[in-house]
Amino acid sequence: MADPLHQFKIQPLVDFGAVNLPVFGHTQLAITNSHVAMTVAFVAIVLFLQLVTSSAKVVPGRLQTAGESLFDMIDGVTDSIIGHDGRKYFPFVFSLFLLVLVMNLLGMFLSFTATSQLAVTVTFAALTILLVIGVGFLKNGLGFFKLFWPASAPLVLRPVVGAIEFLSFLLRPVTLALRLFGNMLGGHVALKIFAGFVVALGAGAFVGEGLGLWGLPIAALSMTMVVALTALEFLVAFLQAFVFAVLASIYLNDVVNLGEGH
Amino acid sequence: MAAPTSHDTHATTEAQGHGEGGLPQFQTQHWAGQMGYLLVLFFLLYFLIAKVFAPRLRRVMDERRETISGAVATARQVQAEAAEQAALAQADLAKARADARATAAAAKARVTEEANARQAAEEAVVNARIAEAEAAIAKTRDAAMGNVSTIASDAAGAMVERLTGQAATKAELDLAKGAV
């Protein structure tokens, strides 16, 4: 059976050689399949947005309606979560959402899913949390630390709750990165395993090896699972992008409206 | 699109995968390249959205909102005007109806009055003629009643003359007539 992890392997296409970087250590510089997938996603997004907005009309066509509904959805998220300042952070959240969404969706069509690479999801999570910290300090100065000093809790409990808040803040980038990574990894591994069953058991039935003819019903069952999982993966692809956008908005709201809604 | 990634055969990559073990995602020699490239793409997309795409869409959406609110306002205004005109027309209609009713009532009253007057006049004429006729009848009857006693005297005188052979005096006849 094909190795279900093979699909996540980085394949260098154009190799530029290896260097030693300070943080990353031994690093291979190359244009890889991951770069190709990211580029395809990026070009698809820019083309889509260009098509949607270049001849945008007051009475929208089909494509414009699709683009506007995505736009409106994220606009609604930033607006309802961050509030008045939401518009300022909309481009960031929308870029995040579109890149994650299109990379997820391309994973359903290409043989490589960029968002199943930990490096990619860590980059998204780090960007988000660095923006949160940056905005937090720029807007509130040292008042940023009030985020870990819950004024509504009883005084005795405040250090404890504060410590928990701090810990949860530290875990935010980790959960952001791992949630997306885990969903993509798990879904594609499950798809690959069930698809592998179909081929292996089907072939075994024809040449009389393994389970023989008993393999056929199991192959059919696996095929059903593949179809069902594919539908589920499309849902997950969208949902994870949306969850990422919503969580980024929530974390931004914490520092943009610090001390107002707590 | 998938062509560049699928040029490897399964056989060779399987061997590699099993040889290195673990998830390919944890092979950190590929991290820096991916992260740097993704950052570049992200910021490119961010600036494109922030400077080009979002303003374009917002402009169209604002324009749409204005168009719709303008159209709604115009429609409201037209509706208000129509309602006003309808009210005016209603008032006119009510007034015309009241006028017509008044005219009809006046005409009816006048006609009734004229009819009554004519009837009264004719009744007076007829009554006068009845009274006149009754007077004539009374007069005739009185005259007839006056002649009755003369006829009675004559008849009594003639009966007395035939029975007794001699004429009764007028005093006797009057006496007899009074005794009857």
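Points to keep in mind about this one:
- Sole residue being under 30 Å from A:Ala200 (Cβ atoms), among the aliphatic types (A, V, I, L, M), more than 10 Å from chain B (Cβ to nearest Cβ) and in a helix (DSSP H, G or I), chosen from A:Leu47, A:Leu105, A:Leu63, A:Leu51: A:Leu105
- Unmet requirement for A:Leu21, which otherwise passes all of (1) surrounded by fewer than 17 Cβ atoms within 10 Å (Cβ to Cβ); (2) more than 7 Å from chain B (Cβ to nearest Cβ); (3) not aromatic (Phe, Trp, Tyr): (2)
Let's see how each residue does on (1) in contact with a Gly (Cβ under 7 Å, 6 or more places away or on another chain); (2) assigned to a helix (DSSP H, G or I); (3) farther than 30 Å from A:His6 by Cα:
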position	(1), (2), (3)
A:Gly141	no, yes, yes
A:Phe145	no, yes, yes
A:Ser152	no, no, yes
A:Ala163	no, yes, yes
A:Arg172	no, yes, no
A:Val189	no, yes, no
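- Just one of the listed residues (A:Val100, A:Val36, A:Val93, A:Val58) is assigned to a helix (DSSP H, G or I), facing another protein chain (nearest Cβ under 9 Å), in contact with a helix residue (DSSP H, G or I) (Cβ under 7 Å, 6 or more places away or on another chain) and on the phi < 0 side of the Ramachandran plot, namely A:Val36.
- Residues in segment A:108-117 that are facing chain B (nearest Cβ under 9 Å) and either under 10 Å from the mean Cα position of the chain (by Cα) or among the polar types (S, T, N, Q) (or both) were compared, and the one that is farthest from B:Leu39 (Cα to Cα) is A:Ser111.
Here's the yes/no breakdown for (1) closer than 24 Å to A:Pro173 by Cβ; (2) in contact with a helix residue (DSSP H, G or I) (Cβ under 7 Å, 6 or more places away or on another chain):
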{"position": "A:Gly187", "(1), (2)": "yes, yes"}
{"position": "A:Phe197", "(1), (2)": "no, yes"}
{"position": "A:Gly210", "(1), (2)": "no, yes"}
{"position": "A:Leu221", "(1), (2)": "no, no"}
{"position": "A:Met225", "(1), (2)": "no, yes"}
{"position": "A:Val236", "(1), (2)": "yes, yes"}
{"position": "A:Ala248", "(1), (2)": "yes, yes"}
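- From the options A:Lys9, A:Lys88, residue that is over 26 Å from A:Val174 (Cβ atoms) and among the basic types (Lys, Arg): A:Lys88
- Segment A:202-248, subset farther than 30 Å from A:Thr115 by Cα and among the β-branched types (Val, Ile, Thr), residue surrounded by the fewest Cβ atoms within 10 Å (Cβ to Cβ): A:Val207
- Beta carbons closer than 7 Å, at least 6 apart along the sequence or on distinct chains, pair a first residue in segment B:162-176 that is of a type outside the set (D, E, K, R) with a second that is surrounded by 10 or more Cβ atoms within 10 Å (Cβ to Cβ) for B:Ala167/B:Gly157; B:Ala167/B:Glu161; B:Ala168/B:Gly157; B:Ala168/B:Val160; B:Leu173/B:Ser153; B:Leu173/B:Ala156; B:Leu173/B:Gly157; B:Ala176/B:Ala156.
- Residues that are surrounded by fewer than 16 Cβ atoms within 10 Å (Cβ to Cβ) and farther than 30 Å from A:Ser222 by Cβ do occur in segment A:174-183, at least one of them.
- Tally, over segment A:52-79, of residues that are surrounded by 15 or more Cβ atoms within 10 Å (Cβ to Cβ) and either in contact (Cβ under 8 Å) with a residue 12 or more places away in the chain or under 20 Å from A:Ala248 (Cα atoms) (or both): 12
- Filtered by the rule that a residue be over 59 Å from the mean Cα position of the chain (by Cα), β-branched (Val, Ile, Thr) and at the interface with chain A (Cβ under 7 Å from one of its Cβ atoms), segment B:25-65 gives B:Thr28, B:Ile49.
Since every read-out is calculated from the coordinates, none of them should be taken as a lab result. All of these numbers come straight from a predicted model, not from anything done at the bench. Heads up, the Cβs are rebuilt from the backbone with ideal geometry, glycines too, and the neighbour counts pull from every protein chain shown.
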